[in-house]
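Quick notes on the structure that follows.
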Amino acid sequence: MDEALKDLWNATGAGAPFNTAFGIVVFWRNHWKELGSPVGGEHDGGGGMRFQAFSRGIIKWDPAVGATIL
């Protein structure tokens with residue numbers, strides 16, 4: 001299944017790394033049907049926060065609370 005999810009992750013050709021140790025990737029693997037494929041890489045939000053856009057939503061990673069869908 002991981003290889004198929006990696007294909008889906010890379011479907012847009014955005015070049016965002018598929019690293020299963022990254023918090024956003026871990027969260028996405030559980031919500032890929034809802035979020036779709038990434039449309040770009042992660043962005044620094046300051047204070048340890050990270051953001052990444054997907055075809056049907058945005059994941060916000062906050063080190064204090066983990067990942068949420070915006």
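Read the figures in this text as sums done on the coordinates, not as results from a lab. Owing to the predicted nature of the structure, the values given are computational and were not obtained by experimental measurement. For neighbour counting, all protein chains shown are included, and Cβ atoms are generated from backbone atoms with ideal geometry for every residue, glycine included.
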**Study point:** Per-residue ³J(HN,Hα) for segment 30-44, Karplus 6.51 cos²θ - 1.76 cosθ + 1.60, θ = phi - 60°, Hz, x for Gly and Pro
**Key:** 8, 9, 5, 5, 7, 8, x, 8, x, 10, x, x, 6, 10, 6
Check your understanding: The list [x] 3, 13, 16, 18, 15, 14, 11, 7, 3, 1; [y] 3, 14, 13, 11, 12, 13, 14, 10, 6, 3, 1, 0; [z] 4, 18, 33, 27, 13, 5, 1 gives values of P(r) over Cα pairs in 5 Å bins from 0, in percent, and only one came from this structure; which label was calculated from it?
Key -> [z]
Revision key, fill the gap. The answer for the net charge of residues other than M49 whose Cβ lies under 9 angstrom from its Cβ, with Lys and Arg +1 and Asp and Glu -1, is 0
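Kindly rank 35-41, 45-51 from highest to lowest mean number of other beta carbons found within 10 Å of each residue. The partial results should precede the final answer.
Numbers: 35-41: 17.1, 45-51: 12.1.
Sorting 35-41, 45-51 by mean packing, highest first, produces 35-41, 45-51.
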Practice item. Please identify, among A21, A53, A11, the residue showing maximal mean-square fluctuation in a Gaussian network model of the chain using a 10 angstrom Cα cutoff. Key: A21
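Using only DSSP helix segments of four residues or longer, with each worth -39500 (n - 2.57), what per-residue ellipticity at 222 nm results for the chain after dividing by its residue count and rounding to 500? Let's see the in-between values first.
Values: 2 runs with 21 residues, N = 70.
For the chain, the value works out to -9000 deg cm²/dmol.
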Review point. In whole percent, what relative contact order does the chain give with Cα contacts below 8 Å and a gap of six or more residues?
Key: 24 percent
Practice item. Taking the Cα centre of the chain as origin, sum charge times position over the Cβ atoms of Lys and Arg (+1) and Asp and Glu (-1), and report the length of that vector in debye to the nearest 20. Key: 140 debye
